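**Q** Have a look at this one before I ask anything.
The values are calculated or read from the model by the stated rules, or taken from the named source; none is laboratory data. The model shown is predicted, which means the values in this text are computed figures rather than measured ones. In this analysis, Cβ positions are derived from the backbone assuming ideal geometry, glycine residues included, and neighbour counts consider all displayed protein chains. Accessible surface areas use protein heavy atoms only, side chains included; no ligands, DNA or RNA. Shrake-Rupley method; radii C 1.70, N 1.55, O 1.52, S 1.80 Å.
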Amino acid sequence: MNVRVGDTLPARPGPDITKARIQMVMDAMDDVNPVHIDEALVKKMGLRGLVNQGPSNLAYIINMLAAWTGDPDCVLRMKIRFHNLVVPGDNTIAGGTVTAVREE
């Protein structure tokens, strides 16, 4: 794959964010954090809605990279910071721009 700085990665839509999907991830991860399922709590906290799990949001990015490269093992390491919450009804789209290329 010939990759250059400035290349745009193809945008990849994520799944519909729903309460049922968040619950499914909670069950799979054995996640008991109430911000994912307790609507009264998130309202009291002033949040926009139930919070989609960070690992799910990260997975959307990794899936986009794997689809782009054709290699499910393409991510060797990643540094990430979430700047906003993803809540039911949000549209997630993973994409990006190449900022550096390493020979290795």
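**Q** How many angstrom lie between the Cα centre of the stretch 77-104 and the Cα centre of the stretch 7-48?
**A** For the stretch 77-104 versus the stretch 7-48, the Cα centre distance is 17 Å.
**Q** Still on this structure, I have one more. Using amide H atoms built 1.01 Å from N in the peptide plane, name the residues 5+ places from A94, or on other chains, whose amide H lies under 5 Å from its own.
**A** Those lying under 5 Å, H to H, from A94 are R12, G14.
**Q** Given a 1.4 Å probe and every protein chain left where it sits, what share in percent of the accessible area of the chain is carbon and sulfur?
**A** With neighbouring chains kept in place, the figure for the chain is 53 percent.
**Q** Using +1 at the C-beta of Lys and Arg and -1 at the C-beta of Asp and Glu, which of A100, P55, M1 has the Cα lying farthest in the positive direction of the dipole of the chain?
**A** Going by the Cα projections, it comes out as A100.
**Q** Among M29, M78, M45, which one shows the highest mean-square fluctuation when the chain is modelled as a Gaussian network with alpha-carbon springs under 10 Å?
**A** M78
**Q** Now for a different question. Of the labelled options (1) 12; (2) 41; (3) 33, which one gives percent of Cα pairs over 24 Å apart as computed for this structure?
**A** The value computed from this structure is option (3).
**Q** Can I ask one more? I'd like the orientation of helix 19-29 relative to the chain: the angle between its Cα long axis and the longest Cα principal axis, in ° from 0 to 90, rounded to 10.
**A** In the chain, helix 19-29 runs at an angle near 70 degrees to the longest axis.
**Q** Quick check for me: using +1 on Lys/Arg Cβ and -1 on Asp/Glu Cβ, what's the dipole size of the stretch 21-104 about its Cα centre, in debye to the nearest 20? Mind dumping the intermediate values first?
**A** Values: 8 positive and 10 negative charges, 84 e Å.
Its charge dipole is roughly 400 debye.
**Q** Please work out the average accessible area per residue across the chain, using the 1.4 Å probe convention, and give it in Å².
**A** It amounts to 72 Å² per residue over the chain.
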